[in-house]
Amino acid sequence: MSKNVLILSASPRKGGNSDLLCDEFLKGSLDAGNKAEKIFLKNKNIGYCTGCGVCFGGKPCSQKDDMGEVLEKMIDADVIVMATPVYFYAMNGQMKTLIDRTCARYQEINNKEFYFIVAAADGSKALMQRTIEEFRGFTYCLSNPKEKGIVYGTGAWQIGDIKGKPSMNEAYTFGKNA
């Protein structure tokens, strides 16, 4: 049965290490016959949550930007892949901004399978747990999320350092099995 896979790449660098891992996940998903799309967040106009409270009463977000389109795709997806480079042992601003902006409709992001991708210069998977916990903080607020896998793209600082590392194959395999 084909799934609708949405890959959210928060890399600020097209072809950056976390973005390359997203591409491998995408290839695996497409090879498995899934409908798959990668959204490169840098190319989207997504403003910060202003805390205005308009959405608390069930009204749509008052901001008129690209987040409505992205959020609709998150709601429609069966599988959501969230990928970020690790900055100071945390997710980057693009990913955090996206998560904050789900506030208006996060209760509609139900019964999703999640994969997390992190890429970092540090070689320690253990030190990436803080970033993974930030993703889990988000999914904890959702109804019936299923964490399916984590790709640790460690030891990758410069663009392309991730190529040839086992995490590239892992991303492809997760995509193929999504």
Cα gyration tensor category, rounded, prolate or oblate, for region 107-178 with a/c compared to 1.5: oblate
Å² of accessible area per residue within the chain, as computed with a 1.4 Å probe and no ligands counted: 49 Å²
GNM result for the chain, Cα springs below 10 Å: residue of I109, I162, I39 fluctuating most strongly: I39
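Report the full-extension gain for the segment K42 to N177: residue separation times 0.36 nm, less the Cα-Cα distance, to one decimal in nm. If you can, show how the numbers build up before the last one.
Working: separation 135, 0.36 × 135 = 48.60 nm, distance 2.72 nm.
Working it through step by step, the gained length comes to 45.9 nm.
Give me the percent relative contact order of region 1-158, please, defined on Cα pairs under 8 angstrom at least 6 residues apart.
Working: 290 pairs, mean separation 41.4, N = 158.
In percent, rounded to a whole number, it is 26.
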Amide hydrogen neighbours beyond the local backbone of A36, cut-off 5 Å, H modeled: V5
Computed over region 79-178: relative contact order in percent, which uses C-alpha pairs under 8 Å that are six or more apart: 30 percent
Prolate/oblate/rounded label for region 1-132 (Cα gyration tensor, a/c 1.5): oblate
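First compute the accessible area of the chain with a 1.4 Å probe, then give the percent of it belonging to carbon and sulfur atoms.
Details: 4530 of 8640 Å².
Result for the chain: 52 percent of the exposed heavy-atom area is carbon or sulfur.
Suppose R0 equals 35 Å. What FRET efficiency, 1/(1 + (r/R0)^6) with r the Cβ-Cβ distance, do D31 and D122 give to the nearest 0.05?
Calculated value: 0.70.
If you keep only loop residues by DSSP, which trypsin sites (Lys or Arg not before Pro) in region 134-164 have at most 16 other Cβ atoms within 10 Å of their Cβ?
On the way: sites: R136, K146, K148, K163; in loops: K163.
Loop-located and lightly packed - K163.
Could you calculate the contour length gain from S143 to Q129, that is, 0.36 nm times the residue separation minus the distance between their Cα atoms, to one decimal place in nm?
On the way: separation 14, 0.36 × 14 = 5.04 nm, distance 2.25 nm.
In short, 2.8 nm is gained.
So for the chain: antiparallel DSSP bridges make up what percent, rounded to the nearest 5?
5 percent
How much FRET efficiency would the formula 1/(1 + (r/R0)^6) give for Q158 and N110, where r is the Cβ-Cβ distance and R0 is 30 Å, rounded to 0.05? Spell out each step's value before the answer.
Values: r = 39 Å, r/R0 = 1.31.
FRET efficiency, Q158 to N110: 0.15.
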Under 20 Å from K14, Cα to Cα: lysines that are on another chain or at least 8 residues apart: K27, K38, K42, K44, K96, K163, K165
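Can you list the trypsin sites (Lys or Arg not before Pro) in region 30-100 that are in a DSSP coil and have 16 or fewer other beta carbons within 10 angstrom? Before the final figure, lay out the partial values.
Values: sites: K35, K38, K42, K44, K64, K73, K96; in loops: K44, K64.
Filter output for region 30-100: K44, K64.
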Computed lengthening from N4 to K73, 0.36 nm per intervening residue step minus Cα-Cα distance: 23.9 nm
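The values are calculated or read from the model by the stated rules, or taken from the named source; none is laboratory data. Since the structure is predicted, the reported quantities are computational estimates derived from the model, not experimental observations. No Cβ is skipped: glycine too gets one built from the backbone with ideal geometry, and neighbour counts run over all protein chains shown. For accessibility, only protein heavy atoms count, side chains too; no ligands or nucleic acids. Shrake-Rupley method; radii C 1.70, N 1.55, O 1.52, S 1.80 Å.
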